[in-house]
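Below: one structure, written as structure tokens.
Values quoted throughout were computed directly from the atomic coordinates according to the rules given, and no laboratory measurement underlies them. This is a predicted model, so every value here is computed, not measured. Virtual Cβ from ideal backbone geometry, glycine too; neighbours counted across all protein chains shown.
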Amino acid sequence: MASKSDIVQALLDRHGQTFCDELGIAIERNEPAPLFQWLVASNLFSTQIGFEHGAQAAKDLFDAGLTTPRRMFDSQWKNRVRILNEAGYARMDEKYATYLRKMSGQLIERYDGDLRRLREAAGKKREDEIARLKQFDGISKSGASIFCREVQAVWHELYPFADDKALQAARTLGLGADVWTLADLVDTEDFPRLVAALVRADLQNDLDAIRDAA
């Protein structure tokens, strides 16, 4: 029977790229633009559409220059709709094109376009940060959880953070049933990678293969 350390190593070897790394978002800089880009991606990933479409939509929006709240807010609605439609949001393109503009406007109005101001306004308290994230249009509990999964690398008050999807995968693999047990399996700096790996393995139906590989 594979040990927990073997399973963790198999997870990291197969799926240990964070979603920020995949999208080219420099979350480790903890600066307004990458934080906003990760919020956009979290919004898109929280839909019922496959994560591949969410990743493609985020990349295409960023390639179109919509990398800051002001640029997103000022962009043409029809262009956002087209980008989302071509990325696979055919039935939800108009809805999410509207969400992204409203979310950007709210971020500008409430926090001067800088999510670090949200963090400060929340007193660096986890529950308050999550509650404030959920006040943005399109950011549900799921979207806020996705955002926290990787921003915990720089917002240390969130560590350790794992959402329901990651914890369910961890339980399936026998890695523990709670976030603190999971956090004990890797160094602090590797924890966002482990959480991302659990989510990716679950999304790709790869949990059995992970167990076999270990």
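What order do you get for 122-131, 35-44 when each peptide is scored by the mean count of other beta carbon atoms within 10 Å, highest first? Show your work: numbers first, answer last.
Details: 122-131: 14.2, 35-44: 25.7.
For the peptides 122-131, 35-44, the packing ranking is 35-44, 122-131.
Please state the relative contact order of the chain as a whole percent: Cα pairs under 8 Å, 6+ residues apart? Show your work: numbers first, answer last.
On the way: 275 pairs, mean separation 61.5, N = 214.
Across the chain, relative contact order equals 29 percent.
Too long at a 21 Å Cα-Cα cut-off: which of K59/K141; K59/K95; K78/K141? Display every interim value, and only then the final one.
Numbers: K59/K141 23 Å; K59/K95 19 Å; K78/K141 28 Å.
Beyond 21 Å between Cα atoms: K59/K141; K78/K141.
Considering only C-alpha atoms, what is the centroid distance from the stretch 161-200 to the stretch 102-123, in Å?
Cα centroid to Cα centroid, the span is 29 Å.
Could you tell me how many degrees, from 0 to 90 and to the nearest 10, lie between the Cα long axis of helix 51-63 and the main elongation axis, the longest principal axis, of the Cα atoms of the chain?
Once rounded, one gets 40 degrees.
Helix-only estimate, please: 222 nm mean residue ellipticity of the chain, summing -39500 (n - 2.57) across DSSP H runs of length 4 or more and dividing by its residues, to the nearest 500.
One gets -19000 deg cm²/dmol as the mean residue ellipticity at 222 nm.
Roughly what angle does helix 4-15 make with the longest principal axis of the chain, taking Cα atoms, 0 to 90 degrees, to the nearest 10?
The angle comes out near 40 degrees.
Helix 32-45 versus the longest principal axis of the chain: what is the Cα-based angle in degrees, 0 to 90, to the nearest 10?
70 degrees
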